[in-house]
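What follows is a short report on a single structure.
The values are calculated or read from the model by the stated rules, or taken from the named source; none is laboratory data. Quantities reported herein were computed from a predicted structural model and do not represent experimental measurements. With ideal geometry, Cβ positions are generated from the backbone for all residues, glycine too; neighbour counts draw on all protein chains shown.
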Amino acid sequence: MKVKIDKEDIFHLIIIFVASIGLCVGRTWPYETGLFPRTVAIIVIIVTSLSFLLEFYEKIKKSKPGKNIIVKSEFGKNALINFAWLAAYIISTWLFGYVVASSLYVFLYLKVKGKLSWIVSIMVTVGAFAFLEVVFVILLRIRMLPGVLWNWLG
Amino acid sequence: MLKGGDSLVDALLSGITQLLTPIYILMFSLGTIIGLFFGILPGLDGVTGLALLLPFVFMLEKKAALALILGMSAISFTAGAITSILLGAPGTSGSTATIMDGFPMAKKGLAGKAIGAAITASIFGGVFGAVVLSLTIPIFKPLVLMFGSAEFLAMTILGISLVAVLCGEKPLRGITSAGVGILISQIGADPIMGLYRWTFGITYLQQKISVVLVALGLFALAEIIDMAIQGMPISTRQSTQGKFDGVLETFKNWKLTLSSSFIGAVTGFMPGLGSAVACWISYALAMITCKPKDQFGKGDIRGVIAPEAANNASLGGALIPTIAFGIPGGTLMALLLSAFWMIGLRPGPEMLRRNLDIVYLIIWTIALSNIIGGIILLIWTDKFAKIAMIRIEILAPIITLVIFLGAVITNMNIWDLWVVFGFCLLGWVMKKINWPRPPLLMGFILGPLIERFYFTTMMVFGEKWVMRPMVLIILLMAVFFLIIGYKTVRNARKPSNR
């Protein structure tokens, strides 16, 4: 019997696991604090388990007999790269502050990932920087997220 | 100033006269433009705009200040639709449901039509909310007293029952999604004892996660990342239908516009529910009542009209308890109330007796702000629509910048960005494996409300709360929607409907 354990099944199992952990953590809470989240967590575990079993049963029904259960992985390299860009943006915001990190991110994304010309990359970056600096820092006087690096450097 | 005993008509006319003074028009236009700006940027809304304007309110004359803050507050929801449609990023929490069909329409090259419909529906909803507010003035007190915590609880149950409609073809997945949304909303201090739940000693988690962060990550950033992965622009097709097609569609669907505006006004009237709930309830009801239903979620214009009419109408509804009793129904109303006090107005029964002309001035301002702001946006619609055609390599970093700006602007906390990142990952995975995302957001919005109203209701009414006439009516409606939702899902699963 050939049945693929795919991302959908894994997602079911992750929800059951996380809700169970939440339920365990919340078992010592007082009645008023714990009643609602514990009730919802139990419902989520039951409904997710039911959904998992039903979908798995449907898959077994549709599968061909005589093959083994296999685990299928489809997580793409391209997706990883894009999420890595986002993570790098957040880390650079923490390091350099929001305005500098945003300008850096826009420029590098356009130039390195987008493979756009120097002129377009610089023009868009300058536009983004001017928008943040003029509208938010100068006009609205909002103190944007500062970077920890500037504190370290004094 | 009008004294008690003056007729409603005198107060109504006095309101118009004051509205047409040059200083009022100037400040009100300025407020409208500021509101458009705050509404259009994801994460920023009327609340942010009002918070930033409050320090300036002191410096202005009473009516000039009133014009500025009301012009700004009334229009922010209208502008919020633009980014929801073009970028899949809700401009305000009241525009989260607009993404469901607005963004797919932009992908199909119908951004202009969607924006045209959204703006027209918003104008209609805003004016409807103002009309409801003005009509209910004579019956403010009995109307507000009709609704207590039991009715609010029933209304939240009605809201969560609508998840059945938003589930898609696999209802169990939808229920799970809503449950996960409720569980996530429980992170932080509990509303009864103030004890921390699932914070794991992390200070950041002690405050509740903002719905804006969830919506930005789950929908906006997840969509942009998905397009960046595929290397596709938002739309590959030139816009074939313009804003006036959208305007016409709104008039063609006048019953939907009217009913959604009514839902918006009623939901807005209930403290704590607000525009975020109003837009989802009206969206789900549109799915139930409209035929054919198979295009909902894939770019149906009615899925844009319903939430946009509702979110604008909710402001008029929310002002009823604020003006009648000085009880704010949400953050925006609380700030508005603070602004009223700062300029020397005392909302409550006293204001209805002594300053009825001001009450009507507020109503006229809301109506006019929606009309003028809507016209300004309509003029620019075709320009906005072209954004959808820009190459994703250029658009992705700029939209990401705007999304992150929306995430950090309120608290200036780096953890907000990680929360958006986390929800983006969750939203992208859910999109890829066909798990419905709207129930998660609905659960997240309604979870804390259900809990709070449940405990208040049990303390006040005990088990007898279900026997209250208004509660019974609302709960019967919830059962009705559950049945309709089940039927909708069942019909969608029939092979002939695929």
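With respect to residue B:406, is the statement that it is away from chain A (no Cβ under 14 Å) and either closer than 25 Å to residue B:73 by Cα or not in a helix (DSSP H, G or I) (or both) true?
For residue B:406, the condition - away from chain A (no Cβ under 14 Å) and either closer than 25 Å to residue B:73 by Cα or not in a helix (DSSP H, G or I) (or both) - is not met.
Quick check, is residue B:433 away from every other protein chain (no Cβ under 11 Å), at pLDDT 85 or above and surrounded by fewer than 24 Cβ atoms within 10 Å (Cβ to Cβ)? When the stated conditions are applied, residue B:433 does not pass them. Does residue B:192 qualify as being crowded, with 17+ Cβ neighbours inside 10 Å and either over 25 Å from the mean Cα position of the chain (by Cα) or assigned to a loop (DSSP other than H, G, I, E, B) (or both)? Answer is yes for this residue.
Which members of segment B:436-480 meet the condition of being under 20 Å from residue B:209 (Cβ atoms), more than 14 Å from chain A (Cβ to nearest Cβ) and not in a helix (DSSP H, G or I)? Hits for segment B:436-480: nothing passes.
Take segment B:197-219 and flag every residue that is more than 18 Å from the chain's Cα centre (by Cα) and crowded, with 19+ Cβ neighbours inside 10 Å. Listed by number, the list holds a single entry, B:197.
Conditions tested, residue by residue: (1) within 26 Å of the chain's Cα centre (by Cα); (2) modelled with pLDDT under 95; (3) surrounded by 15 or more Cβ atoms within 10 Å (Cβ to Cβ); (4) closer than 24 Å to residue B:428 by Cα.
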site	(1), (2), (3), (4)
A:61	no, yes, no, no
A:64	no, yes, no, no
A:71	yes, yes, no, yes
A:98	yes, yes, yes, no
A:112	yes, yes, no, yes
A:115	yes, yes, no, no
A:123	no, yes, no, no
A:127	no, yes, no, no
A:132	yes, yes, yes, no
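All of (1) at pLDDT below 80; (2) part of a helix (DSSP H, G or I); (3) closer than 30 Å to residue B:420 by Cα hold for residue B:9 with one exception: (3). Being small (Gly, Ala, Ser), loosely packed, with under 15 Cβ neighbours inside 10 Å and either more than 8 Å from chain B (Cβ to nearest Cβ) or not in a loop (DSSP other than H, G, I, E, B) (or both) is the requirement here; does residue A:84 meet it? Judged against the criteria, residue A:84 is a match.
Screening B:446, B:417, B:440, B:475 for residues that are modelled with pLDDT of 85 or more, over 30 Å from residue A:104 (Cα atoms) and surrounded by 24 or more Cβ atoms within 10 Å (Cβ to Cβ) leaves exactly one candidate, B:440.
List the number of the failed condition for residue B:134; all other conditions in (1) part of a helix (DSSP H, G or I); (2) buried (at least 24 other Cβ atoms within 10 Å of the Cβ) hold. Single failed check for residue B:134: (2). For segment A:13-59, a tally of residues being in contact with a helix residue (DSSP H, G or I) (Cβ under 7 Å, 6 or more places away or on another chain) and among the aromatic types (Phe, Trp, Tyr) returns 3.
Can you spot a residue in segment A:127-141 that is under 25 Å from residue B:232 (Cα atoms) and more than 7 Å from chain B (Cβ to nearest Cβ)? Within segment A:127-141, one or more residues are under 25 Å from residue B:232 (Cα atoms) and more than 7 Å from chain B (Cβ to nearest Cβ). Checking each residue in segment B:428-463 for being on the phi > 0 side of the Ramachandran plot and within 26 Å of the chain's Cα centre (by Cα) picks out only B:434. Considering only segment B:191-208, state which residues are in contact (Cβ under 8 Å) with a residue 40 or more places away in the chain and in contact with a helix residue (DSSP H, G or I) (Cβ under 6 Å, 6 or more places away or on another chain). Matches in segment B:191-208: B:191, B:192, B:204.
Among the residues in segment B:405-413, are any over 23 Å from the mean Cα position of the chain (by Cα), at pLDDT 85 or above and crowded, with 20+ Cβ neighbours inside 10 Å? No. Within segment B:368-403, the set of residues being touching a helix residue (DSSP H, G or I) at 6+ places or on another chain (Cβ under 6 Å) and at the interface with chain A (Cβ under 9 Å from one of its Cβ atoms) comprises B:392, B:396, B:397, B:401. Considering the conditions (1) out of contact with any Lys or Arg (no Cβ under 9 Å at 6 or more places or on another chain); (2) more than 20 Å from residue B:50 (Cβ to Cβ); (3) crowded, with 22+ Cβ neighbours inside 10 Å; (4) at pLDDT 85 or above, residue B:311 is excluded by exactly one of them, (2). Scanning segment B:425-459 for residues that are among the β-branched types (Val, Ile, Thr) and touching a residue at least 24 places away in the same chain (Cβ under 8 Å) returns B:445, B:450, B:456, B:457.
Is it true that residue B:56 is assigned to a helix (DSSP H, G or I), under 30 Å from residue B:384 (Cβ atoms) and modelled with pLDDT of 75 or more?
Answer is no for this residue.
The number of residues in segment A:125-140 being free of Cβ contacts under 8 Å to residues at least 24 places away in the same chain and closer than 17 Å to residue B:396 by Cβ comes to 3.
Pairing each residue of segment A:107-124 that is more than 8 Å from chain B (Cβ to nearest Cβ) and touching a residue at least 12 places away in the same chain (Cβ under 8 Å) with any residue that is assigned to a helix (DSSP H, G or I) and of a type in the set (Lys, Arg), provided the two are 6+ apart or on different chains, yields C-beta distances under 8 Å for A:121/A:111.
Between B:310, B:306, B:318, the distinction of being touching a Cys at 6+ places or on another chain (Cβ under 9 Å) and closer than 30 Å to residue B:345 by Cα belongs to B:310 only.
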